[in-house]
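The values are calculated or read from the model by the stated rules, or taken from the named source; none is laboratory data. On a predicted model such as this, the values are computed, not experimentally measured, just so you know. Every residue, glycine as well, gets a Cβ built from its backbone with ideal geometry; the counts of neighbours run over all protein chains shown. Side chains included, ligands, DNA and RNA excluded: accessible areas come from the protein's heavy atoms. Shrake-Rupley method; radii C 1.70, N 1.55, O 1.52, S 1.80 Å.
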Amino acid sequence: MSESKREYIEYDVVIVGAGPAGLSAAIRLKQLNPNLQVVVLEKGSEVGSHIVSGAVIDPIGLNKLLPNWKEMNSPIKTEVKEDKFYFLGPAGSIRIPNFLMPPLMSNDGNYIVSMSKVCRWLSKQAEELGVEIFPGMSCSEVIYGKNNELKGVVAGEFGKNPEGEPGPMYEPGMEVIGKYIFLAEGVRGSLTKKIIKNYDLSKNSDFQKYGIGIKEVWEVDHSKHKEGQVLHTMGWPLGNNTGGGSFLYHGSDNQVFVGFVVHLNYKNPYLFPYKEFQRFKHHPLIYDLLKGGKRIEYGARAISEGGIQSIPKLSFPGGVLIGCAAGFVNVPRIKGNHNAILSGIAAAEAANIAILDGRSNDTLHEYENKIKKGPIYKDLTPVKNVKPLWSRLGLFLGIIFGSIDMWFANIFGINLFGTLKHKYSDHSSLEPLKKHKLIEYPKSDGKISFDRLDSVSYSGTSHSDGQECHLKLNDYSIPLKFNLPNYDEPAQRYCPAGVYEVVKSEDEELRFQINYQNCVHCKTCDIKDPSQNITWKTPQGGEGPNYSCM
């Protein structure tokens, strides 16, 4: 492709991603130094449109960022009033007493929120402080300096044709240059992947582990709604050897957030995470609540689950990783937003000191030290063995020994099992077809359970026709020649949006089809493909899902 001349613009700090981490960093930078020039670049059509989270938020980060947030007309109003844990069987359930749970699992003082709405509110606070926020601005490339330092990103490139070449309406985008670049893209961001590889940031960390979280927002009958109730389940419909569970949060206005998480280290290639979620909703405990209700929205997102062992080096020449780009999710608590906010604050404080000292585009070691010695590592350390124990021992023994390890850490300040490693990457966990039986899933009823394409229509997803496909195959022969005979091409099932199909033509010839228009940007394909043949990259700005209350 011929190089087009790009204009450039300079800032003190460039932030990629308007999630809780990026927005918190922007706010803190302007609190510390109103004269700093700070910009936030967001690929969604508006702030919050690509945010998916449970979510019950621990306000520890907000308390530090905006101590008077309760007086600031925030959308954070529904305090948790009741916390329930259940183990599910096919038709019944057993409630797990709260007193068996380590204190860190308590949701006292936490709030049920829509993170889409929280991020829109945070963006207003940032703009009032003078932060420039540009939605619809995908960042497609990184810009390095002469000494391999990160200097900026390319934002706003539009108009490539299906071959990846400039089309008639091509716009080359702009070089956005900064003294420091904060990557706040969320899980498995396309630029973050490049940066981790370029600087070998993961060389001293364990495999990152992931889950796929699928969520729906429902409006239920007023008589069934219990504002402030939090419910988590484990067990059915997943078996002992497949990790995952559910959440169901009663928000305001008769809305409930219901979601299902499947750990992506599952072994059975016939497993269908989306259909496991649809089947889960027919459990009596859930069905009775949703019956007669109305589904409002649907979405899906990958979740980082590796914990403290899997966190890469966080700082590099010219920038840092913050939020879920770094992997700060606390898996047992099913929470990461508080750590995302705290990481944004820490990065802002480190960058501000460096800029005041006249530095730029060097390594912010101060940020790394703040994270390791601060509340984020304090939050993640006691729970670090829960995920590896679950992976090694299965649900029943994994939860028992994981709870023992958390209790031990809570009482004695150290983990009973030390620091356990993750044995393998998620993409390598799939086993050949011959080791597993086909899973027969019930048909959707159109009332409680739905087909994937019907669900995608509730995500507001839109991608323009005639553009370059943002889902790249390294080798176009692999889906049919390797994945299909060995794993029945699992992309047909692990994708929650029906993007990938194996299509048979009239002359019985098979073809691997990518319906990129359906993509909800969950990144599961980039993670779970057994051949690591699929690369997700950001499409042109403003495209993808358009969530309003996720």
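Points to keep in mind about this one:
- Rg in Å to one decimal, and Dmax rounded to a whole Å, for region 7-95 via C-alpha atoms: 18.8, 62
- For a straight C-alpha distance cut-off of 25 angstrom, the lysines reachable from Lys447 (same-chain residues fewer than eight places away being disregarded) are Lys215, Lys224, Lys226, Lys275, Lys281, Lys291, Lys294.
- Overall size of region 182-293 from C-alpha positions, given as principal axis extents largest first: 55, 35, 18 Å.
- Taking 1.306 mPa s as the viscosity and 10 °C as the temperature, the Stokes-Einstein diffusion coefficient of region 350-458 based on its alpha-carbon Kirkwood radius rounds to 84 µm²/s.
- Unit Cα scatterers, Debye sum, region 1-153: log10 I(q)/I(0) for q = 0.10, 0.12, 0.13 Å⁻¹: -0.51, -0.67, -0.74
- When only alpha carbons of region 279-413 are considered, Rg and Dmax amount to 19.3, 62 Å.
- Shape call, region 211-266: gyration tensor on alpha carbons, a/c limit 1.5: prolate
- Relative pair counts by distance (%), Cα atoms of region 202-359, 10 Å bins: 9, 32, 29, 18, 9, 3, 0
- Here, region 170-244 is characterised by an Rg to Rh ratio of 1.15, where Rg is the alpha-carbon radius of gyration and Rh the Kirkwood radius.
- Simple rule: put +1 on each Lys or Arg Cβ and -1 on each Asp or Glu Cβ in region 245-372, find the dipole, and look at Asn369, Phe260, Phe277; the Cα lying farthest toward the positive end is Phe277.
- Per-residue 3J(HN,Hα) values for region 103-110, derived from phi via the Karplus relation 6.51 cos²θ - 1.76 cosθ + 1.60 with θ = phi - 60°, read x, 5, 7, 5, 9, 4, x, 9 Hz in sequence order (x marks Gly and Pro).
- Rounded to the nearest 20, the size of the Cβ-charge dipole of the chain about its Cα centre is 1760 debye, with Lys and Arg at +1 and Asp and Glu at -1.
- Rounded to the nearest 500, the helix-only mean residue ellipticity at 222 nm of the chain stands at -7500 deg cm²/dmol, with each DSSP H run of n ≥ 4 adding -39,500 (n - 2.57).
- Per residue solvent-accessible surface (Å²) - the chain, probe of 1.4 Å: 41
- For region 515-521, backbone phi angles converted through the Karplus equation (6.51, -1.76, 1.60; θ = phi - 60°) give residue-by-residue couplings of 8, 4, 4, 7, 4, 9, 6 Hz, Gly and Pro being listed as x.
- Plainly put, region 75-115 has a radius of gyration that is 1.07 times its Kirkwood radius, both from alpha-carbon atoms, as the Rg/Rh ratio.
- When both region 313-389 and region 40-66 are represented by their alpha-carbon centers, they are found 16 Å apart.
- Convex hull volume of the C-alpha atoms in region 102-161, normalised per residue: 242 Å³.
- The amide H of Gly167, built 1.01 Å from its N in the peptide plane, has Lys160, Asn161 as neighbours under 5 Å, considering only residues 5 or more places off or on other chains.
- With all pairs of different C-alpha atoms in the average, the Kirkwood value for the hydrodynamic radius of region 457-550 is 14.1 Å.
- Taking only protein heavy atoms and a 1.4 Å probe, the accessible area of the chain is 52% carbon and sulfur.
- The chain: antiparallel DSSP beta bridges as a percent of all, rounded to 5: 70
- Charge dipole of region 344-445 (Cα centre as origin; +1 on each Lys and Arg Cβ, -1 on each Asp and Glu Cβ, all else neutral): 520 debye, rounded to the nearest 20.
- According to the Cα-based calculation, Rg over Rh for region 383-536 is 1.07, with Rh computed by the Kirkwood formula.
- Evaluated at q = 0.08, 0.10 Å⁻¹, the base-10 log of the normalised Debye intensity for the chain, with identical point scatterers placed on the Cα atoms, takes the values -0.50, -0.80.
- Computed 3J(HN,Hα) for region 202-210, one whole-Hz value per residue from the Karplus formula 6.51 cos²θ - 1.76 cosθ + 1.60 where θ = phi - 60°, is 9, 5, 10, 10, 7, 3, 7, 10, 9, glycine and proline marked x.
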